[in-house]
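**Student:** Handing you a structure now.
FYI, it's all coordinate maths here, none of it is from the lab. Since this is a predicted model, take the numbers as computed values, not measurements. With ideal geometry, Cβ positions are generated from the backbone for all residues, glycine too; neighbour counts draw on all protein chains shown.
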């Protein structure tokens, strides 16, 4: 009898100390995903830009699809070459199609942060009109999305074996400062329904303490 009971107990302990993150396995054509699922479904009626929190009614020239975990850093991690070369890599195509990592961003903001390291810059860096601080290759997002950034970077790192783009303590601090909001949870539910997998750092925020 003891042996029969010990198996589920051991399994329970294993599940308590380890978590498995489901990957995006539904989408692997980034251009189609951005056009149809991102702009066509998630933001068909407009929304608010991620960093600046300004409203928009359609994509236009001002807005673009941005990547919280920049694709330049994904290419570096995969060592797949240039953007053109990496577009032939199935792994890169899967990662760059992950909707959890794609957000609507002002074009001028996205141009400045395509390969960055996230950091707390404090008063040493000037704050722009969106609440962003920048210094060399470092980027500090506005406070209202610091937690969103931390949970997205953690998801990308854990799901695809990518390196964190900053210090663990920075992301843990941002997560504590900015816990999941109703807006983040609503977006997350939409993406999970479209893509078929969740970001567990959003649904189970305590996982951020295991980075």
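**Student:** Between segment 107-179 and segment 45-105, how far is it from one alpha carbon centroid to the other, in angstrom?
**Tutor:** When both Cα centres are located, 15 Å separates them.
**Student:** Using only alpha carbon pairs under 8 Å that are at least six residues apart, calculate the relative contact order of the chain and give it in whole percent.
**Tutor:** 23 percent
**Student:** Something else: Take the Cα pairs of segment 96-202, get the Kirkwood Rh, then feed it into Stokes-Einstein at 20 °C and 1.002 mPa s and tell me D in µm²/s. Walk me through the intermediate numbers first.
**Tutor:** On the way: Rh = 14.5 Å.
Rounded to a whole number, D works out at 148 µm²/s.
**Student:** Let me ask something else about it. At 222 nm, what value in deg cm²/dmol follows for the chain if DSSP H runs of at least 4 each add -39500 (n - 2.57) and the sum is divided by all its residues, to the nearest 500? All intermediate terms of the calculation are to be shown ahead of the outcome.
**Tutor:** On the way: 9 runs with 83 residues, N = 211.
Mean residue ellipticity at 222 nm (helix-derived): -11000 deg cm²/dmol.
**Student:** For Rg and Dmax of the Cα atoms in Å, several values are listed as (i) 19.1, 58; (ii) 18.2, 68; (iii) 16.4, 53; flag the one computed from this structure.
**Tutor:** Given (i) 19.1, 58; (ii) 18.2, 68; (iii) 16.4, 53, the calculated one carries the label (ii).
**Student:** Okay, moving on. Can you tell me how much longer the chain between residue 23 and residue 186 gets when fully stretched, taken as 0.36 nm per residue apart minus their C-alpha distance, in nm with one decimal? The partial results should precede the final answer.
**Tutor:** Numbers: separation 163, 0.36 × 163 = 58.68 nm, distance 1.96 nm.
So the chain would gain 56.7 nm between residue 23 and residue 186.
**Student:** Using Cβ counts within 10 Å as a stand-in for footprinting exposure, how do 172, 193 rank, fewest first?
**Tutor:** Numbers: 172 16, 193 10.
In order of increasing Cβ crowding within 10 Å: 193, 172.
**Student:** Ranked by Cβ crowding within 10 angstrom, fewest neighbours first, how are 159, 168 ordered?
**Tutor:** Working: 159 21, 168 13.
Least crowded to most crowded, the residues run 168, 159.
**Student:** Now for a different question. Treat each spin label as a single point 7 Å out from the Cα along the C-beta direction, and report the residue 108 to residue 193 distance in nm.
**Tutor:** Label-label distance for residue 108 and residue 193, simple model: 3.6 nm.
**Student:** Helix 168-177 versus the longest principal axis of the chain: what angle, 0 to 90°, nearest 10, using Cα atoms?
**Tutor:** Roughly 80 degrees between the two axes.
**Student:** Just grab the label-to-label distance for residue 128 and residue 82, each label 7 Å out from Cα along the Cβ direction, in nm (one decimal).
**Tutor:** It is 2.7 nm.
**Student:** Okay, next question. At 20 °C and 1.002 mPa s, grab the translational diffusion coefficient of segment 107-167 from Stokes-Einstein with a Kirkwood Rh over Cα pairs, rounded to a whole number in µm² per second. Write down the numbers at each step before the final one.
**Tutor:** Details: Rh = 12.3 Å.
D, rounded to a whole number, is 175 µm²/s.
**Student:** If neighbour count is taken as other Cβ atoms inside 10 Å, put 203, 64 in order from fewest to most. It would help to have the intermediate numbers written out before the result.
**Tutor:** Values: 203 14, 64 17.
Arranged by neighbour count, lowest to highest, 203, 64 become 203, 64.
**Student:** Counting pairs of Cα atoms in segment 58-129, how many percent are more than 14 Å apart? Let's see the in-between values first.
**Tutor:** Working: 1693 of 2556 pairs.
The proportion of pairs with Cα distances above 14 Å equals 66 percent.
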